[in-house]
Amino acid sequence: MWRMDAVLLVAVLALTVIGTLLVWSSTRTWAPGSTGLVKKHVLNVAIGLTLYSVVSMVDHRLLRAYAPLAYAVSIAGLVVVITPLGSTVNGSHSWVMLGAGFAVQPSEFAKLGLVLLMAMLMAQPAEGGDRPRGLDVTLGLAASAVVIGLVMLQPDLGTAMVVGVITASALVVAGVRKRWLAALGLAVITPTTMAVPRSG
């Protein structure tokens, strides 16, 4: 069955249209007559909307079952990046070249893996309550810290901050206590502080 959140869909479509217009507006000023970037953006949008449609038809229980595997695979990808198999693009050692001009950025898949894992953990309320168990919150923070630490070894501060926001959003929506948000702050700041000197 196709499960679709109408509000989310409208918000995504609105942001997509705005983003496309911004790409078109910014590229036509410095590259008149060039539509390459706009076409690439539209292609990415089409791929994203297709994936959205496919995922919306998947039973959420199946996503829950495969969440740990998705996270583990994404972590493996981040580990590959920091080996000689990784490649540097625009000063960030965060890519894996596949050949024939194709490359992947494992940190993007790590975001998805973390989202699935956090959703799985935060959806399990403690017995007799409506908040996640302390153990599940701890596991979620640990999972986030691992992703942030590996990302900062590249280094990629922007992605690390996005991961922090993803984790914080999951905790807030789950209604966790403020002390867990403070712990998240430490999970973000500590590996970031340790890795920043490498980017200098």
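Here, each number is a calculation from the coordinates, and none is a lab measurement. What you see is a predicted model; the values in this text were computed from it and never measured. Please note: Cβ atoms are built from the backbone with ideal geometry, for glycine as well, and neighbour counts cover all protein chains shown.
Distance between the pseudo-spin-label points of Val165 and Arg133 (7 Å out from Cα toward the beta carbon): 3.2 nm.
Among residues other than Leu139 whose Cβ falls under 15 Å from its Cβ, what is the net charge (Lys/Arg +1, Asp/Glu -1)?
Working: positive: Arg64, Arg131, Arg133; negative: Asp136.
Residues near Leu139 contribute +2 overall.
Karplus-derived 3J(HN,Hα) values for the range 63-76, using 6.51 cos²θ - 1.76 cosθ + 1.60 with θ = phi - 60°, are 4, 4, 5, 9, 4, x, 5, 4, 5, 4, 5, 5, 5, 4 Hz; glycine and proline are entered as x. At an R0 of 41 angstrom, the distance between the Cβ atoms of Leu21 and Val104 translates into a FRET efficiency of 0.90. Rg/Rh, computed from the Cα trace of the range 53-144 with Rh as the Kirkwood radius, has the value 1.09.
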